[in-house]
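Please read the structure below before turning to the comments.
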Amino acid sequence: SLGFQDVLSQGRTSPVTSYKKLQGWSSDQNKWNEKLYPFWEEGDPRWKDCWKGGRVTAKLGTDSPALVGSNVTFVVTLQFPKCQEEDNDGNIIYKRNCTHDPPASQDQQVYVYNWTEWIDNCGWENCTSNHSHNVFPDGRPFPHYPGWRRRNFVYVFHTFGQYYQTTGRSSAKFSVNTANITLGKEVMAVAIYRRGHSAYVPIARARAVYVVTDKIPIFVSMFQKHDRNISDSIFIKDSPITFDVKIHDPSYYLNNSAISYKWNFGDGSGLFVASSSTTPHTYTLQGNFTLNLTVQAIIPVPCRPVTPTPSLPTSAGTTGASSNSDSSTTVESMEDNPDGGCHIYRNGYYTTDISVVEGILEVNIIQMMSIQMTESQAENSLVDFVVTCQGSLPTDVCTVVSDPTCQVSKSVVCDPITVTDECLLTIRRAFEEPGTYCINITLGDDTSQALASALISVNGGSSSGTTEGVFIFLGLLAVFAAIGAFVLYKRYKQYKPIERSAGQAENQEGLTAYFSNFKAIFFPSSTERNPLLKSKPGIV
């Protein structure tokens, strides 16, 4: 006769003596009821007819890796053939408007398996022939919790020389404690049977590898404000990097533990110990560095009872062996715990190599100028933005024109640039209509990018002689005051990234628009007449 090991191990056998008992599990040396739960080898032609309409597949997932002592969870989900699904009663039905032969009426349902009808016809309480079928492969009866009759699938899980059996619908979920599971990779296998008239029918099998470790599973994410690609491990000098540590602990095993984070950033700044999972650090030198992190958890555990051992005359060798055995225990007395108790230490380790480069640290718009044009060119106004940056020299520039709230983008124009000396360039862009707009200018290189923004608001120009005369007259009256203000403006004023509402922008039109030309008309256009003008060095 077959045993559970024969059915579930699929040729993988290990000595029984190597396994520790898992709570709620049974040894796979138990006998398997092959009459009620037939066993088919892979390739058996009966697999093709075990389900109406096609083959059922099973997907077995796990939240592994699991820290030893925590729980590891498994979820198995059945995937039915096309157009089939499970209804609220656990029956398998055809989806409406999916099959070639739809029901005659909306109230009529086409069943793949109508298990509700089987139950209702038999009653299950008075049907002695079927009542004996409500047992697992080892003969144990199904648990009679609410709704147990609607669970038409039997799941038998196998790992570590033991098995666990349960009933369920089209999916099943369970957890197992890893305290008695050997460290390393293990295989979880599952066999799924469906309810039949006289016996259960195998429909699918699945396997998944899971890992049990004594190292805390951790992952570190890194963020830097001006970093262009967070996945390339290249960061910018003199700009803080935020390190965020994620501990993989889905069963909340470490919830009551004291956790510390020990950082060595590899730049000679020394060892830094933190209690928070998020830590900032700034590299002030360029080069390659190796980052090392140790996460330590002090986990409270129940103390083992101490049984005094009477002194017996033993040899020195026997005494030494006993001492070594005691020192290998993982449960220790917590002497520094004011509340008393016992604990164990668990550590997690993370290391990675990172590169630090100069990068682009800051971008400033220091001037905006409208360009004089002939009457034939007046339909598109040109505006020059004079931009500076700090750090490395940029290789590309992007200009984004948005609405006054800086939320809705109107146009995006990007160009490659060549800057050989200092980071000072003029960006020329074309506009068609008046209004208030948000301008974002981004300078970037291979590893970094930085942004400057400004709100501009300029009245629409007119070709009438009266309007032009008014502008000239006002300009003559203000020319002397404007000269002094202009010198101070040129010396001290810089446009920095700002956040203002549209109303604030309209109240400051005279400040945000360059006042040397009142005929500038600003509105973004996806087609520029001169996107790359090189009439003087630095104009883009």
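Express in nm, to one decimal, how much length is gained between Ser171 and Val187 on full extension, taking 0.36 nm for each residue of separation and deducting their alpha carbon distance.
My answer for the length gained is 3.8 nm.
Remind me, relative contact order of the stretch 45-213 in percent, using alpha carbon pairs under 8 angstrom and six or more residues apart?
28
For Ser277 paired with Ser27, estimate the spin-label separation in nm (one decimal), with each label point 7 Å from Cα along the Cα-to-Cβ line.
It works out to 4.2 nm between the two label points.
When only the heavy atoms of the protein chains count and the probe is 1.4 Å, how do Phe223, Phe243 rank by accessible area, highest first?
Phe223, Phe243
Going 7 Å from the Cα of Val110 toward and past its Cβ, which residues in the stretch 53-83 have a backbone nitrogen under 17 Å from where you end up?
53-55, 80-83
Using modelled amide H (1.01 Å from N, peptide plane; none on Pro or chain starts), what sits under 5 Å from the amide H of Phe153, excluding residues fewer than 5 places away?
Gly168
So if we plug the beta-carbon distance of Lys262 and Gln390 into 1/(1 + (r/R0)^6) with R0 = 45 Å, what FRET efficiency do we get, rounded to 0.05?
Step by step, r from the Cβ atoms, then E = 0.85.
Using a 1.4 angstrom probe and counting only protein chains, how large is the accessible area of Arg151 in Å², to 10?
So the heavy atoms of Arg151 present about 80 Å² to solvent.
Starting from the residue with the highest accessible area, list Thr388, Thr395 in decreasing order, probe 1.4 Å.
Solvent-accessible surface, decreasing: Thr395, Thr388.
Rounded to the nearest 0.05, what FRET efficiency do Arg304 and Arg140 have when you use their Cβ-Cβ distance and R0 = 35 Å?
Efficiency computed from Cβ-Cβ geometry: 0.60.
Need one value: the accessible area of Lys246 in square angstrom, 1.4 angstrom probe, rounded to the nearest 10.
Accessible area, nearest 10 Å²: 110 Å².
Pick out, in residue order, every one of the trypsin sites (Lys or Arg not before Pro) in the stretch 37-73 that is DSSP loop and has at most 15 other C-beta atoms within 10 Å; say none if there are none.
Lys52, Arg55
What nm value, rounded to one decimal, do you get for the distance between Phe39 and Asp214 when each label is placed 7 Å out toward the C-beta?
3.6
At 1.4 Å probe size, with no ligands or nucleic acids counted, give the accessible surface of Ile259 in Å², nearest ten.
Estimated to the nearest 10 Å², Ile259 gives 50 Å².
Hey, if we sort Ile298, Ile192 by accessible area with the 1.4 Å probe, largest down, what's the order?
Sorted descending by solvent-accessible area, the residues read Ile298, Ile192.
Assuming R0 = 35 Å, can you tell me the calculated FRET efficiency for the pair Lys82 and Asn347, based on Cβ-Cβ distance, to the nearest 0.05?
The pair Lys82/Asn347 has a calculated efficiency of 0.10.
Going by Cα centres, the stretch 182-238 and the stretch 246-310 are how many Å apart?
Taking the Cα centre of each part, the stretch 182-238 and the stretch 246-310 sit 23 Å apart.
Taking H as built 1.01 Å from N, whose amide H comes closer than 5 Å to the amide H of Glu362, not counting residues under 5 places away?
For Glu362, the qualifying residues are Gln390.
In debye to the nearest 20, how big a dipole does the stretch 45-213 give about its Cα centre with +1 on each Lys and Arg Cβ and -1 on each Asp and Glu Cβ?
500
Pull out the extension gain between Glu358 and Thr57, defined as 0.36 nm times the separation in residues minus the alpha carbon to alpha carbon distance; nm, one decimal.
Taking 0.36 nm per residue and subtracting the Cα distance, the gain is 103.0 nm.
The values are calculated or read from the model by the stated rules, or taken from the named source; none is laboratory data. Given the structure is predicted, the values throughout are model-derived calculations rather than measurements. Virtual Cβ from ideal backbone geometry, glycine too; neighbours counted across all protein chains shown. Calculation scope for accessible area: heavy atoms of the full protein, side chains included, ligands and nucleic acids excluded. Shrake-Rupley method; radii C 1.70, N 1.55, O 1.52, S 1.80 Å.
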